[in-house]
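Report on one structure; see the data block that follows.
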Amino acid sequence: MGKGKKKKVSSLPQQSRGVVTQANPANDVPACIQPSRTPDTTRILVQAKPGARMSTITGIEDEGVGVQIAAPAREGEANTELLEFLAEVLGVRRSHLLLDTGGRSRSKTVAVSGLTPAQVHERIRGALH
């Protein structure tokens, strides 16, 4: 390469560039989905956005899973809708979910019993819009 020229690097994933990589589900789970100290429990960091037309997953980032909630942020309505929506997305009973932290904040932590972080990630990713 000459002076002042930069090497062009493809923005495509390695697999798309012909390099075959083995997927490791444990390493693919983002930081927002973590095992809990309690056995058989997974913690999900949620960035809640109340007041939407319908409840939906909007994104998965290390900072949190983005969730639009079809309920206003008053008197616990959005928290109730969030837990009911996540129970549906994850395919578990509502009683398997607990709002651990963030009852009055948009940043929340939800505990899910009975699922591994990899299972939670797979199910949330399947509902991503």
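Brief remarks on what is shown
- For the stretch 32-86, the solvent-accessible area works out to 54 Å² per residue, with a probe of 1.4 Å and every protein chain left in place.
- Apportionment of accessible area to carbon and sulfur, the stretch 22-129, percent (1.4 Å): 46 percent
The values are calculated or read from the model by the stated rules, or taken from the named source; none is laboratory data. The shown structure was predicted, so the numbers you read here are calculated from the model rather than taken from an experiment. Quick note on the areas: whole protein, heavy atoms, side chains included, nothing else; ligands and nucleic acids left out. Shrake-Rupley method; radii C 1.70, N 1.55, O 1.52, S 1.80 Å.
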